[in-house]
1. Filtering the stretch 314-336 down to residues that are in contact with a Phe, Trp or Tyr (Cβ under 8 Å, 6 or more places away or on another chain) and buried (at least 23 other Cβ atoms within 10 Å of the Cβ), which residue is nearest to Leu180 (Cα to Cα)?
2. Being part of a loop (DSSP other than H, G, I, E, B), touching a Ser or Thr at 6+ places or on another chain (Cβ under 8 Å) and touching a residue at least 12 places away in the same chain (Cβ under 8 Å): is that true of Thr126 here?
3. Looking only at the stretch 296-355, which residues are among the small types (Gly, Ala, Ser) and over 20 Å from Ile271 (Cα atoms)?
4. From the list Val120, Val99, pick out the single residue that is modelled with pLDDT of 95 or more, crowded, with 16+ Cβ neighbours inside 10 Å, part of a strand (DSSP E or B) and within 24 Å of the chain's Cα centre (by Cα).
5. Looking only at residues in the stretch 179-215 that are crowded, with 24+ Cβ neighbours inside 10 Å and of a type in the set (Ser, Thr, Tyr), which one is farthest from the chain's Cα centre (by Cα)?
Amino acid sequence: MPVYLHAIASAVPETAYPQSVIRDVIRSQPELGRLGQRLTTSIFGASGIDQRHSVVRDFLGSAGDPPGLFYDPGTGRMLTPGTGARNDFYVPHATELFVRAARRALAAAPHLGAADVTHVVTVSCTGFFAPGPDYALVRALGLPASAHRFHVGFMGCYAAFPALKMAQAFCEADPGAVVLVVCAELCTIHMHSADDPDTLIANSVFADGAAAALVAARPPAPGTPALRLDRFETTLTPPGVGEADMAWTVGDQGYDMVLSTYVPDIIESHIGGALAPLLGESRGPGDAAHRGVERWAVHPGGRSILDRVQGALALSDEQMRPSREVLRRYGNMSSATVLFILEDLLREAGDEERVCAMAFGPGLTVESALMTRLCGLD
């Protein structure tokens, strides 16, 4: 039974910081020595990011303004709120983004209304609360109180894929199911100052944003573009490879992200084998990985990751353009990011095309999906 992704809609906080603003804040922190300052300049300069959105407005303050939770504009110092204070800040701001993205997804699929939603799957790795975002969506959007609710937490950048797999399974089990999937991440509330390269890299790429998708087995309305969910695969790099190079843990001053400089090398070495089960039906002996798959949605964990994936899979600049554009305009919004790319691909007019989507996360885990972009069934 085919299952379709009918609509995708995104939402970002109002505040957007040019990379140069955050670069200069990081560089000025007293924890950084000369090497850390030089690394900050080079890391930010090579990020491929123009700006990032954030729910934190503190860095807009001028010298006479009082300190915020995260930054004191008078002293130019980044502050060190505890994890509890950061999570308290997460709750209202994440809820607003969850609701805004979901409302936009419902508006983008007029043939599916709030009353049709049977399942809600929420995704986030940057905060927790209960009753959670799944409950908030039911109340705010007037969804049926009987809607089945699930939350995918703390899985990192690849977590949209388990959520979409759940949605597909629900629709295959119940052809009348309509599943609302919403990812929302506030990565910037965990930013802090330190002189180590992992922290400097994390401070240069992560951002805030949300994206929602509507999944159902019912065919899309005539003339309405959709993505048919054809196949999903999950794999891990070999034991001992990458386990310590990409990690996400709870610290006393927010969540600590490990994103080592070895991650692009690891992905480059293993991405072909990781995608082989997914693309086995799409290529024959001797074919390049991209043959038979016209469109690609590669999670932009960073510019170097995109560079290595492109080289390893022999993808064209045009095939990588949607991923690079999302990185440039928004940065890495963890689990929501791949949905931003798919949203752009869904908007583009064209003939029926295959789409390969992938994301990487702690483990090192590679999640991937093969889809077909349809321009509307007659």
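The values are calculated or read from the model by the stated rules, or taken from the named source; none is laboratory data. Just so we're clear, the structure is a prediction, and the values are computed from it rather than from any experiment. Cβ sites come from the backbone with ideal geometry, for glycine too, and all protein chains shown count toward neighbours.
1. By that ranking, first place goes to Ser335.
2. Taking the combined requirement at face value, the residue satisfies it.
3. Of everything in the stretch 296-355, those that are among the small types (Gly, Ala, Ser) and over 20 Å from Ile271 (Cα atoms) turn out to be Gly331, Ala336, Ala349, Gly350.
4. Val120
5. Ser204
Okay, residues lined up against (1) modelled with pLDDT of 95 or more; (2) in a helix (DSSP H, G or I); (3) not acidic (Asp, Glu):
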position: Ala274; (1), (2), (3): no, yes, yes
position: Glu281; (1), (2), (3): no, no, no
position: Gly284; (1), (2), (3): no, no, yes
position: Val293; (1), (2), (3): no, no, yes
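Yes or no, residue by residue, for (1) surrounded by 20 or more Cβ atoms within 10 Å (Cβ to Cβ); (2) among the polar types (S, T, N, Q); (3) at pLDDT 95 or above:
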residue	(1), (2), (3)
Asp134	yes, no, yes
Arg139	no, no, yes
Ala145	no, no, yes
Phe150	no, no, yes
Phe154	no, no, no
Tyr158	yes, no, yes
Leu164	yes, no, yes
Ala169	no, no, yes
Asp174	no, no, yes
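Residue by residue, here is whether (1) hydrophobic (A, V, I, L, M, F, W, C); (2) within 30 Å of Gly223 (Cβ to Cβ); (3) in contact with a Leu (Cβ under 6 Å, 6 or more places away or on another chain); (4) without any contact (Cβ under 8 Å) to a residue 24 or more places away in the chain holds:
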| residue | (1), (2), (3), (4) |
| --- | --- |
| Gln29 | no, no, no, no |
| Gly64 | no, no, no, yes |
| Leu79 | yes, no, no, yes |
| Val91 | yes, no, no, no |
| Ala94 | yes, no, yes, no |
